[in-house]
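To keep things clear, I will list the structure first and then write my remarks on it.
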């Protein structure tokens, strides 16, 4: 993106101001357990997750907090569920704009609307709109609380990583600070340093995929407006401010507007306030008072690294994969990277699981990245047809969609983020044919109301043996782990989401709340074997 922020260290929130560390004066490089590079949402979430699991972690960032501009905006239900486990979701939900409904327009006609969460019985909405600086602040607030409770998390602002040197059993970092350079060693390095990842560049690793020949203008405007809290998307909008447009409500009377500009543009000219105002004025109509809050131009890109694990260096978020903004898959998929990685690295560090378990992070999250890239590419091709024939097809589909529901399944204004199911994962155990497909092994657990609250909140941070109409011990001990039992009553929601046609159910749930295996009755040997598989011991 090209944002109008000239100051190198301009921040919305100065969360971790520079302070000299004793490591900088050490005679020989200090060895740390885990170092994270990058203090954006993915880096902060990784530090928080690992720290709450008791893993000592140091986070390095070349700035001192959250940058200016809305940037990532739409945070999905699964992201909120993960942040809830991390202790950060409450303020996000309070501050964010909650929404479930979207509308699709062509020219000046409403084609149809859709509800992303038509099913009841969930703790969180389909999405909230929350500017990225606020998302980062609330993660940081949760880190501060976790630190007060003893979580071994250290944040170092104005610590720029200038060189990365891998070795067989550690990684060495050369770091620059306002007080000069120093060197640090770490057993494990996690790169969360964004799409332009300096760490990736230092290692000479590729970042391959497609760059689409189109540009989009973000205009965050501050105004009072009566538009409903919905996602509005226009194909060929009647106000002629671009080939497509998107409108979202944000907190604090800020509205996100995206305009499709085309490929051969003068970026500097398009970012001139007078030209931005022409587009906004055409959309909002005469006499609407507003202020330009933040503006940027971005290009659609769908790319990923060939591998996310390189020895003792792991990549997460935009440093590992990048998708087009429409569909809200960037930050949301990055948070799912965190959810997948933190528990695995924790179990490797404490000796419960072999180091090879981290290879499953690579495989599972590449599966997720490929799914996101496929959906993002399809959306981009539909939004920005590049030939007369593809545009004719697109507009024919839009015409049919106004009256025929089947055509709406073909319309793609950005398929919105949903959590990945790890079909085919080597960690998956046995399945049962009479249970619902949505909770098969590899799938994320759907939430449901349970006695005293919500299912996902009852699962905790470790493995869980969940039972419905089935006998089982109160806890199972195997492979160095003690797995507690969670017995559920057969409510309509639990039956529909987890039981299906089976008379009873036993689920082994992973620490990231994905299903590892399921049976219709408890079997000690079968559960132990599935746990070994989920730990990467088979």
Check your understanding: When the range 67-95 is examined, which residues are found to be closer than 27 Å to residue 241 by Cβ and either over 18 Å from the mean Cα position of the chain (by Cα) or part of a loop (DSSP other than H, G, I, E, B) (or both)?
Key -> 67, 68, 69, 70, 71, 72, 73
Practice item. Please find, among 60, 50, the residue that is in contact with a helix residue (DSSP H, G or I) (Cβ under 6 Å, 6 or more places away or on another chain) and under 16 Å from residue 139 (Cα atoms). Key: 50
Practice item. Would you check if there is a residue in the range 341-348 being farther than 20 Å from residue 51 by Cα, in contact (Cβ under 8 Å) with a residue 60 or more places away in the chain and buried (at least 17 other Cβ atoms within 10 Å of the Cβ)? Key: no
Review point. Does residue 401 count as closer than 18 Å to residue 308 by Cα, touching a helix residue (DSSP H, G or I) at 6+ places or on another chain (Cβ under 8 Å) and surrounded by 15 or more Cβ atoms within 10 Å (Cβ to Cβ)?
Key: no
Check your understanding: Could you list, in sequence order, the residues of the range 42-69 that are buried (at least 24 other Cβ atoms within 10 Å of the Cβ) and over 30 Å from residue 350 (Cβ atoms)?
Key -> 66
Review point. Is it the case that the range 182-199 has a residue that's part of a loop (DSSP other than H, G, I, E, B), farther than 29 Å from residue 75 by Cβ and in the same structural domain as residue 18 (by TED's automatic domain parsing)?
Key: no
Practice item. Say whether the condition of being buried (at least 20 other Cβ atoms within 10 Å of the Cβ), in contact with a strand residue (DSSP E or B) (Cβ under 6 Å, 6 or more places away or on another chain) and farther than 30 Å from residue 461 by Cβ is met by at least one residue in the range 312-330. Key: yes
Exercise for review: Provide a single number: the residues in the range 21-41 that are surrounded by 14 or more Cβ atoms within 10 Å (Cβ to Cβ) and either in a loop (DSSP other than H, G, I, E, B) or at pLDDT below 95 (or both).
Suggested key: 5
Practice item. Return the residue satisfying two criteria in turn: it lies in the range 519-538 and is surrounded by fewer than 24 Cβ atoms within 10 Å (Cβ to Cβ) and in contact with a helix residue (DSSP H, G or I) (Cβ under 8 Å, 6 or more places away or on another chain), and of such residues it is modelled with the lowest pLDDT. Key: 538
Practice item. Considering only the range 347-422, give the helices (runs of 4 or more DSSP H) lying wholly within it that have at least 2 residues that are within 30 Å of residue 514 (Cβ to Cβ). Key: 357-383
Exercise for review: For the range 137-152, enumerate the residues that are in contact with a helix residue (DSSP H, G or I) (Cβ under 8 Å, 6 or more places away or on another chain), surrounded by fewer than 21 Cβ atoms within 10 Å (Cβ to Cβ) and closer than 19 Å to residue 33 by Cβ.
Suggested key: 146, 147, 152
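Conditions tested, residue by residue: (1) surrounded by fewer than 20 Cβ atoms within 10 Å (Cβ to Cβ); (2) part of a loop (DSSP other than H, G, I, E, B); (3) in contact (Cβ under 8 Å) with a residue 24 or more places away in the chain.
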| position | (1), (2), (3) |
| --- | --- |
| 227 | yes, yes, yes |
| 248 | no, no, yes |
| 251 | yes, yes, yes |
| 264 | yes, yes, no |
| 283 | no, no, yes |
| 286 | yes, yes, no |
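The values are calculated or read from the model by the stated rules, or taken from the named source; none is laboratory data. The structure presented is a predicted model; accordingly, all values stated were derived computationally and were not measured. Because the Cβ atoms are built from the backbone with ideal geometry, glycine has one as well, and the counts that use them run over all protein chains shown.
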